[in-house]
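The next block holds one structure in the form of structure tokens; read it before the comments.
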Amino acid sequence: MTSMTKVLSDSGVITWRNVVNVRRNPEWLLGATVFPIMFVLLFAYVFGGAIGGPGGGGLAYREFLIAGIFAQTVAFNSSYTVIGFANDLQKGIIDRFRSLPMSRFAVIVGRTTADQVLSVVVLVVLSVCGLAIGWRIRGSVVDAVLGYLMILLFAFALSWVGAYIGLITPSVEVANSAGLIWMFPLTFISSAFVPQESLPGVLRTIADWNPFTAAVNATRDLFGNVSPPGWPEPSGWPAENAALYAIISSIAIIAIFAPLATARYRRVASK
Amino acid sequence: MSDTDKGVAVRARGLVKNYGMTRALDGVDLEIPTGQVLGLLGPNGAGKTTTVRILTTLLRPDSGEAEVAGHDVLTDPDGVRRSIGLSGQYAAVDENLTGFENLYLVARLYGQRKAQARRRSRELLARFRLDEAADRPAKGYSGGMRRRLDLAGALVGSPSVVVLDEPTTGLDPRGRIEMWEVIEQLVATGATVLLTTQYLEEADRLADSVVVIDRGKVIAEGTPDELKNQSGGERLELVVGSAEELPLAMRVLGEIGSGEPTVDGRARRVDVLVDTGTKALVEALRRLDAQNVVVQDAGLHRPTLDDVFLSLTGRGTGEEVPS
């Protein structure tokens, strides 16, 4: 086999292994879906009235919210990548892989790809949940598909960050929190739940340039969902070129973290 | 195994590895002739696993060189990986996969085609008596079954060199004996095996030669028999029928043995170090019989490898190395 086909074949085999793992652990899917559904309900009905304001509460806010929840959920799924690697390290499975004549890159790409299976399942469940509370796709089918792909691309990029974190954490216990902790600033200092224009000072600048904001805004556009009436429209280059910026930053994240994670994998010691 | 030169499957010279300020390996040399089993023996923290990790390309040495199946671990790690099978200290089994899926995964990663991978996996499952549990997730396997599955994984690629890092640590006695039988079968197929162990009994049973390491250094090497002889050879032990016969027995043993006999009056037992083994035993019995001494019990006691370790390092194998 040439080296390129070996990389592809190895990646396929590792992806298969990780997908079987998800399939044999339906409780992971349960955890990955129940949590975001609770978020939808919490934001839609508990915070929604206050955030949406007198002019824009209720339905309009719920429609604004869904793209944010989608993006946040798949972003949080990168913690499964972190824990997956930490587990494989602890159980000696990474040692086994490293002693085999296989592609180093395949071990990581097989994991980051398989973890998107989880994201796809969760997005289906969340879409049904969104439809139930009044969210609708207002644009074309093509745009809607592109919207989902945008979210998945961003999730895939974050999964590479997760791979790197998983390979540098010293234990599964640390991986549990290390995988989640950076998710809170990343997903909340953004346009996922509130208009980014409403944030004060430096937080607004961060939110404007946060790739997560771009992914949310681009998806919202592609779904044809608009801000509640009376809300300021996001402005500035990242907001006006949300899709482009989201794609560029996703590729940049992969370009940085794929070599980092692969280099780390080559040297990683078992625990 | 045509890629080995001059019949040496594994050769390491001057391996040094530091972890921070700790010197884990301090110039380890090893050589395993093709088709032989080398037992790498030492207590916890002696450097066994570090040596294994270097030889299996998981770790780069700070200095020194090593060749496995004719491939240099530093310049041709993929060549090494194609020729070896590693079964680690902790069974590297994916417990969500079935036994079959675990082996199929490894077979595919060795580059086998689907049909071949399937055939090879089933074959190994049968050989390791895992065929009944083959299609159940490994989660439900016993410790011994997991180890066997892990060892099967190491053999999927029909490697010329098999590395077993503490294959029986943590197994119950039954699991240990089962594992030994499996390893003996493996040896019978002509594979070269590097086996690390803290159990001297295990090295004695499985290894053609033994390298004892302690604190990152090789402190002794040879066949298990040579090592035992090094630590004082065999003891001849006799129990006589009555206390009056003890002085006579002592005199005879003093003539035959290579040292001063010691006596235990209460047990009417005399023993002495001997160089000539069974010959000395026969000679002692013949002379005592000629003098009508009643010998109730007689035997040759070889030192265990535990005695060897104690005489080499001044401490037992169970004691931790102070760090």
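In the protein assembly as shown, helices alone account for a calculated mean residue ellipticity at 222 nm of -17500 deg cm²/dmol, with every DSSP H run of four or more residues adding -39,500 (n - 2.57). Treating each Cα of segment A:1-159 as one equal point scatterer and applying the Debye formula with no solvent, the log10 of I(q)/I(0) at q = 0.19 Å⁻¹ comes out as -1.15. Residue separation of A:Ile133 and A:Glu233 scaled by 0.36 nm, minus their Cα-Cα distance, works out to 33.6 nm of gained length. Relative contact order for chain A: 28 percent, from Cα pairs under 8 Å spaced at least 6 residues apart, divided by residue count.
Could you work out the relative contact order of chain B? I mean the mean sequence separation of Cα pairs under 8 Å and 6+ apart, divided by the number of residues, in percent.
Details: 642 pairs, mean separation 62.0, N = 323.
Once divided by the residue count of chain B, the mean separation gives 19 percent.
Largest mean-square fluctuation among A:Asn241, A:Asn210, A:Asn25, in a Gaussian network model of chain A whose springs join Cα atoms under 10 Å apart, belongs to A:Asn25. Fewest neighbouring Cβ atoms within 10 Å first, the residues A:Tyr245, B:Tyr104 line up as A:Tyr245, B:Tyr104. Spin-label model, A:Ser140/B:Val8: points 7 Å from Cα along the beta carbon direction are separated by 7.1 nm.
Give the calculated FRET efficiency between A:Asn176 and B:Asp76 to the nearest 0.05, with a Förster radius of 35 Å applied to their Cβ-Cβ distance.
Working: r = 39 Å, r/R0 = 1.11.
The value I calculate is 0.35.
Would you work out if segment A:154-209 is rounded, prolate or oblate? Take a ≥ b ≥ c from the square roots of the eigenvalues of the alpha-carbon gyration tensor; rounded if a/c is under 1.5, else prolate when a/b is larger than b/c, oblate otherwise.
Numbers: a/c = 3.20, a/b = 2.38, b/c = 1.34.
Judged from the Cα gyration tensor, segment A:154-209 comes out prolate (a/c at least 1.5, a/b above b/c).
Under the convention that each Lys and Arg Cβ holds +1 and each Asp and Glu Cβ holds -1, the size of the dipole of segment A:3-269 around its Cα centre is about 920 debye. Entry note: chain A has Rg to Rh equal to 1.00, where both radii use alpha-carbon atoms and Rh is the Kirkwood radius. Please list, or write none, the aspartates and glutamates whose alpha carbon is within less than 13 Å of the alpha carbon of B:Lys228, excluding same-chain residues fewer than 8 places away. Straight-line reach from B:Lys228, under 13 Å: B:Glu201, B:Asp204, B:Asp275, B:Asp306, B:Asp307.
On a full-extension model of 0.36 nm per residue, what is the gain between B:Gln230 and B:Lys217, subtracting their alpha-carbon distance, rounded to one decimal in nm? So the extension gain works out to 2.9 nm. Using the Cβ-Cβ distance between A:Asn241 and A:Ala50 with R0 = 41 Å, the FRET efficiency computed as 1/(1 + (r/R0)^6) comes to roughly 0.85. Which residues in segment B:115-135 place their backbone N less than 17 Å from a point set 7 Å from the Cα of B:Glu184 along the Cα-to-Cβ direction? Of the residues in segment B:115-135, B:128-129 have backbone N under 17 Å from the label point off B:Glu184.
Computed FRET efficiency, Cβ-Cβ of B:Ser158 and A:Asn87, R0 35 Å: what is it to the nearest 0.05? Working shown, then result.
Working: r = 29 Å, r/R0 = 0.84.
Efficiency, rounded to the nearest 0.05: 0.75.
Shown here: the protein assembly as shown, whose C-alpha atoms stretch 119, 52, 49 Å along the first, second and third principal axes, sorted largest to smallest.
Given segment A:130-253, what whole percent of its Cα pairs are spread farther than 20 Å?
The calculated P(r) of segment A:130-253 puts 49 percent of pairs beyond 20 Å.
Among the trypsin sites (Lys or Arg not before Pro) in segment B:210-279, those located in a DSSP loop and surrounded by at most 10 other Cβ atoms within 10 Å of their own Cβ are B:Arg266.
The charge dipole of segment B:201-283, taken about the Cα centre with unit charges on the Cβ atoms of Lys, Arg (+1) and Asp, Glu (-1), comes to about 220 debye, rounded to the nearest 20.
Considering every residue in B:102-108, what mean count of other chain Cβ atoms within 10 Å of its Cβ is obtained?
Details: counts 3, 0, 3, 9, 5, 1, 9.
Mean partner-chain Cβ count within 10 Å for B:102-108: 4.
A dipole drawn for the protein assembly as shown from +1 and -1 charges on Cβ atoms has a positive end, and of B:Thr75, B:Gln185, A:Leu167 the residue lying farthest that way is A:Leu167.
Taking all pairs of distinct Cα atoms, average 1/r, flip it, and tell me the Kirkwood hydrodynamic radius of chain B in Å to one decimal place. Evaluated on chain B, it is 22.0 Å.
Computed from the coordinates by the stated procedures, all read-outs in this text should not be read as laboratory data. Model, not experiment: these values are computed from the prediction. Cβ coordinates were reconstructed from backbone atoms using ideal geometry, including for glycine residues, and neighbour counts include every protein chain displayed.
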